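Here's the structure we're looking at; comments come further down.
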Amino acid sequence: MIGDNPEHDIAGGRAAGLRTMLVGGHGPWPGGGLRSDRTVVDASAAIGLLLDGAR
């Protein structure tokens with residue numbers, strides 16, 4: 001999913017029993033207290049991480 005509010009999006013993912021990932025987290029964290037389970041620099045890194053977890 002692609003979201004527009006990091007804190008709400010992470011809370012929603014966790015409420016659904018999912019782990020979360022912030023893609024493109026280059027600057028200061030835009031959310032409040034919640035942080036994603038993983039942070040990667042770009043979509044390619046996200047795909048690699050997801051594929052590694054599937055093995």
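Bear in mind these aren't lab numbers, they're just calculated from the coordinates by the rules spelled out. Please read these numbers as outputs of a predicted model, since none were measured by experiment. Note that each Cβ is placed from the backbone with ideal geometry, even for glycine, and that neighbours are counted across all protein chains shown.
Here the simple spin-label model places points 7 Å from the Cα toward Cβ, and for ILE2 and SER44 these points are separated by 1.9 nm. Karplus-derived 3J(HN,Hα) values for region 10-24, using 6.51 cos²θ - 1.76 cosθ + 1.60 with θ = phi - 60°, are 5, 4, x, x, 5, 4, 8, x, 9, 8, 10, 9, 9, 9, x Hz; glycine and proline are entered as x.
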